[in-house]
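Below is one structure, written out as structure tokens; comments come after it.
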Amino acid sequence: MSEKINVRGLNFDNVTVEEAVDMMIKNAKEGKQTSVFTPNPEIVQMCIDNPEMYDVIGKGDMILPDGIGVVKAAKILGTPMKARCPGFDCGKRLISFSGKENLKIFFMGSKPGIADEAAAKMTEEFPDAIFVGTNDGYFKKEGEENDAVVEKINASGADVLFVCLGAPAQEKWINANRDRLPNVKVILALGGSLDGYSGNVKRAPKVFIKLNLEWFYRLLCQPSRIGRMMKLPKFLFGTIAYKKQLKKEAKKAKRSK
Ligand code: UDP
């Protein structure tokens, strides 16, 4: 178990990418089913705006800080975290251990064909990785269509399942279906990662990543994301205000003692 740090109502694991993946592998070896959610500031803000979402996102067994904004908020709140833990990187590192640890992987999500392309690209990069199946993310998430996908995953013998439907659909799907996937040990909610692994969406150049400006690169490539991204300043300014409020309340409590 790692240390948990509460950032605006979600308990994040205070781990590096390496530690997070070690934990996933350990849990898989012990047969402990583990769901992994990777909320970015946009998703934390979604919880703040719609508190019922805490029940959805907060159910992750591991909750990793995907965006630099979450790490910055932890610092503002006086409980700094070790590192940013991008879901994309965690997923890729787990794939790199697939052959060595005999972890069979299933990719689910994205538009038809993308999951297959992602598995092919990842096999080029990690030739010993074991892929046992794929499914696109455009099926009805209940009833017969959903049952068929659950059945397909079970029949594949997968140990690790990537669920890439975007938030919060992917977290909702995992919470609703994990009990029906008893042999899948690690279930990750990884947003647009398959689009990235397949090469259909390019990751930001290294310089942007180094300067923590990956979000800006994504905005340049997809200006339509501006609405979603405005949640980031809302989240950070909101966190500063929240911290001030906490301080005020602490002072008041001290005075009334
Ligand atoms: N998607 C899907 N099924 C749906 C809706 C979306 O598989 O019904 C996929 C979509 O094709 C994309 C991913 O979910 O690959 C969401 O990507 P986005 O970049 O919006 O997610 P983020 O990483 O920002 O959470």
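The set of residues in the range 125-150 that are of a type outside the set (Ser, Thr, Tyr) and out of contact with any helix residue (DSSP H, G or I) (no Cβ under 9 Å at 6 or more places or on another chain) comprises GLY143, GLU144, GLU145, ALA148. The condition of being basic (Lys, Arg) and either assigned to a loop (DSSP other than H, G, I, E, B) or modelled with pLDDT under 95 (or both) holds for ARG84. Within the range 165-177, residues that are more than 18 Å from ILE114 (Cα to Cα) and more than 7 Å from the ligand (Cβ to nearest atom) have Cβ atoms under 8 Å from residues that are in a helix (DSSP H, G or I) and open to solvent by 40 Å² or more (accessible area, probe 1.4 Å) in no pair, counting only partners at least 6 apart in sequence or on another chain.
PHE88: open to solvent by less than 10 Å² (accessible area, probe 1.4 Å), among the hydrophobic types (A, V, I, L, M, F, W, C), within 12 Å of the ligand (Cβ to nearest atom) and closer than 18 Å to LEU190 by Cβ, yes or no? First the steps, then the outcome.
Values: open to solvent by less than 10 Å² (accessible area, probe 1.4 Å): no; among the hydrophobic types (A, V, I, L, M, F, W, C): yes; within 12 Å of the ligand (Cβ to nearest atom): yes; closer than 18 Å to LEU190 by Cβ: yes.
Answer is no for this residue.
Please count how many residues of the range 170-213 are among the aliphatic types (A, V, I, L, M) and touching a strand residue (DSSP E or B) at 6+ places or on another chain (Cβ under 9 Å). Before the answer, list the steps.
The first filter runs over the range 170-213 and keeps only residues among the aliphatic types (A, V, I, L, M), leaving 174, 176, 181, 184, 186-190, 194, 201, 204, 207, 209, 211, 213.
If we keep only those that are touching a strand residue (DSSP E or B) at 6+ places or on another chain (Cβ under 9 Å) as well, we get 174, 181, 184, 186-190, 194.
Qualifying residue count, the range 170-213: 9.
All conditions in (1) assigned to a loop (DSSP other than H, G, I, E, B); (2) within 12 Å of the chain's Cα centre (by Cα) hold for GLY31, with the sole exception of (2). Could you check the range 55-94 and list, in sequence order, the residues that are under 15 Å from the mean Cα position of the chain (by Cα) and of a type in the set (A, V, I, L, M)? Answer for the range 55-94, where residues must be under 15 Å from the mean Cα position of the chain (by Cα) and of a type in the set (A, V, I, L, M): VAL56, ILE57, MET62, ILE63, LEU64, ILE68, VAL70, VAL71, ALA83, LEU94.
The values are calculated or read from the model by the stated rules, or taken from the named source; none is laboratory data. These figures come from a predicted structure and were not determined experimentally. For neighbour counting, all protein chains shown are included, and Cβ atoms are generated from backbone atoms with ideal geometry for every residue, glycine included. All accessible areas refer to the heavy atoms of the entire protein, side chains included, with ligands and DNA or RNA removed. Shrake-Rupley method; radii C 1.70, N 1.55, O 1.52, S 1.80 Å.
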